[in-house]
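Values quoted throughout were computed directly from the atomic coordinates according to the rules given, and no laboratory measurement underlies them. Note that this is a predicted model, so its numbers are computed, not measured. FYI the Cβ positions are ideal-geometry reconstructions off the backbone, even for glycines, and counts take in every protein chain you see.
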Amino acid sequence: MADKPVLDHPSLPIIKEAFPGVKFMAAEFRGLTTLICPPERMHDVLRQLRDDPRLDYNFLTDVVGIDYLKYPVKQPGRFAVVYLIQSYKYERRLAVKCFLDPTLDTSGIAEDPALEIESACDLWPGAEWTEREVYDMYGIRFRGHPDLRRILMWKDFPAFPLRKDYPITGRGERETYTPLTRESR
């Protein structure tokens, strides 16, 4: 059996050096390296990646949420938040991921304190809308976000529709929703 290849992304040793007491994991898939860090250190790591001149990740490409419910491979947590960042100066891309595990039932809209991380809006203002989308679809809250409210669903929508325990056909929201027409405006 061949040994697994060693990740040789140039940003990884710099981050490890900057955070000597933090346990990181890393993975690579199809040329994209993913740095997995603890949720409580996510903001510090993102700041280091942006501010360290040896790294200079100056562009936030996207923020995404993932629900690993019923995923065939065991993950460290049910939900993940991934920041996709890029350094134009060094022509590098990196995904920075943290896992979150809910402590409450996920079928409703209860605010679970375990599904919360620090917002990156102070680092990249463009994170505002994408963090709102992750909140709206998965119910993951971002501490310090300047305007954390729903962005795709209406204000009183009773669930988070991209959670894997949300039924594909919905829970009757469409049947009680009044469609708007040109004439009704």
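What lysines does Lys164 reach when the alpha-carbon gap must be under 20 Å and sequence neighbours fewer than 8 apart in one chain are set aside?
Counting by Cα, and skipping residues close in sequence, Lys164 has these lysines nearby: Lys70, Lys74, Lys97.
I'd like the orientation of helix 127-138 relative to the chain: the angle between its Cα long axis and the longest Cα principal axis, in ° from 0 to 90, rounded to 10.
Approximately 60 degrees, to the nearest 10.
By the gyration tensor of its Cα atoms, with a ≥ b ≥ c the square roots of the eigenvalues, what is the shape of the chain: rounded for a/c under 1.5, prolate for a/b over b/c, or oblate? Kindly include the intermediate steps, with their values, before the conclusion.
Working: a/c = 2.22, a/b = 1.70, b/c = 1.30.
Prolate, because a/c is 1.5 or more and a/b exceeds b/c.
If you count, for each residue, the other Cβ atoms within 10 Å and average over each peptide, how do 71-77, 90-96 line up from highest to lowest? Display every interim value, and only then the final one.
On the way: 71-77: 10.1, 90-96: 17.1.
So the peptides 71-77, 90-96, ranked by packing, come out 90-96, 71-77.
Taking Cα atoms, how many degrees apart are the long axis of helix 42-51 and the longest axis of the chain, rounded to 10 and kept between 0 and 90?
60
Label the range 70-157 by shape, choosing from rounded, prolate and oblate, from the square roots a ≥ b ≥ c of the eigenvalues of the Cα gyration tensor; if a/c is under 1.5 it is rounded, and otherwise prolate applies when a/b is larger than b/c, oblate when it is not.
On the way: a/c = 2.18, a/b = 1.26, b/c = 1.73.
Oblate, because a/c is 1.5 or more while a/b does not exceed b/c.
Mind ranking 36-42, 20-26 by how tightly packed they are, going by the mean number of other C-beta atoms within 10 angstrom, highest first?
Numbers: 36-42: 17.6, 20-26: 11.3.
Top to bottom by mean Cβ count within 10 Å: 36-42, 20-26.
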